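First comes the structure, then the notes that go with it.
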Amino acid sequence: MRYVSPLSLIAGFVLDTLYLAKRVDLLLTNALLFTYLIIAALIILVINLIQTGRLRHPLYLKALPLLPVVAQFAFGGLFSAYLSLYSRSAAISLSWIFIAALVVFLVGNERFAHFYARFSVQMSIYFTVLFSFLIFFLPVVFHSIGTFMFLLSGALALALIAAFFAGLVRLMPEIATHRTRVARTIAAIFILFNISYFTGVIPPLPLALKDAGIYHSVTRLPEGGYQVTGESVPWYEVFLRYNTTYHVRSGENAYAYSAVFAPSGLTVVVLHEWQRYDEGNKTWYTTDTVAFPIHGGRDGGYRGYSIKNGITEGRWRVNVVTVYGQLIGRISFSVVPGAPPLPLEVITK
């Protein structure tokens, strides 16, 4: 197990990242996650039936030491998929805490399988994965995002975990003694989720920033694509989208391009917030806000752009946000005077 567990962790994460968790609205992705949730619930049920003496057959007793490993597999599959999905949507500057928490859960899942034998741990982790699932599953189902969808996800998660606990107590009345500890733990997790959401720590799934950049021109092509003209950047800035140097002549405009993924059937409004850093006050202030609707379904994301007329020297950033203020992604760059170095790159998107 010392070698199998880490290898299975890596293999499962690669599988989820490359094949199963590319889109939150895929039937395969949600079917897999739902299956993991069912397996985890069944294992919790069986473990406690054995521990309370309801299942006495020698075969069940022999299988008891292996059941936490099965729970570990189910929870590990959920956490690795969540890490892949949430990190695709995350603006790391705000959401790194939530992503780091998922990493801790994922690694801890592989390291401390024996904790799954404890009922309070079983219920708290199950509530965590259930709430995390509903946060993006309900918007996919109802084609809507926002605060109401998040609150509905929390309410449904509480209702389902309460029904699950009540069902377990009906079968095994003695586990009712865990009610206070389980309730306190779940309440703490619920509060933490809400704080994370309203402070922007939880990424705004099911939306995800697929592409973004700052360019000298953006033109929509007759066939529906976009042609952008920009300066060459080091290979790593293509992925990180920060610290880009943007050369500008006096009075020249800057173009912010973004492609935001949304599930099929979902139409929402996103904003481009143009912000400049005030060196004197050490703060960012918004100079322009441009709103436009996006329509879900395209793998590469719905494309759009905004223009900043007569951009000036200094540190700039463009926040791609929802109308609820959630940060989908960010383009950071520094504007310096002068003609851009040639040749400029022309890319069709």
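Under 5 Å between amide hydrogens, built in the peptide plane, is the criterion, and for Val24 it picks out nothing among residues at least 5 positions away or on other chains.
Using the crude model of +1 on Lys and Arg Cβ and -1 on Asp and Glu Cβ, and no other charge, please compute the dipole size for region 162-260 relative to its Cα centre, in debye to 20. All intermediate terms of the calculation are to be shown ahead of the outcome.
Numbers: 8 positive and 6 negative charges, 125 e Å.
Dipole about the Cα centre, nearest 20: 600 debye.
For Tyr302, nonlocal amide neighbours, meaning residues 5 or more places apart or on other chains whose placed amide H falls under 5 Å from its own, are Val260, Phe261, Ala262. Placing dummy labels 7 Å off each Cα toward the beta-carbon, the span from Leu192 to Ala163 is 2.6 nm. Phi angles of region 130-144 translate, via the Karplus equation with coefficients 6.51, -1.76, 1.60 and θ = phi - 60°, into HN-Hα couplings of 5, 4, 4, 5, 5, 4, 9, 6, 5, x, 5, 6, 9, 6, 8 Hz per residue; Gly and Pro are given as x. Under a 5 Å amide H cut-off, with hydrogens placed 1.01 Å from N, Leu55 pairs with Ile50 among residues at least 5 apart or on other chains.
Each residue of region 204-214 was assigned a 3J(HN,Hα) from its phi angle through the Karplus expression (A = 6.51, B = -1.76, C = 1.60, θ = phi - 60°), giving x, 4, x, 7, 8, 7, 8, 7, 6, x, 10 Hz with x at Gly and Pro.
Taking a point 7 Å out from the Cα of Thr245 in the direction of its Cβ, the residues of region 316-345 whose backbone N falls within less than 12 Å of it are 334-342. Ser264 versus Leu342, label points 7 Å from Cα toward the beta carbon: distance in nm? Placing both labels 7 Å beyond Cα along the Cβ direction yields 4.7 nm. Taken one residue at a time, the phi angles of region 328-333 give Karplus couplings (6.51, -1.76, 1.60, θ = phi - 60°) of 7, x, 8, 10, 10, 7 Hz. Gly and Pro are set to x. Taking square-rooted eigenvalues a ≥ b ≥ c of the alpha carbon gyration tensor, is region 208-348 rounded, prolate or oblate, where a/c under 1.5 means rounded and, failing that, a/b exceeding b/c means prolate? Oblate is the answer for region 208-348, as a/c is 1.5 or above yet b/c matches or exceeds a/b.
No lab work stands behind these numbers, since they all come straight from the coordinates. Please read all numbers here as calculations on a predicted model, not as lab measurements. Don't worry about glycine lacking a Cβ; one is built from the backbone with ideal geometry, like all the others, and counts go over all protein chains shown.
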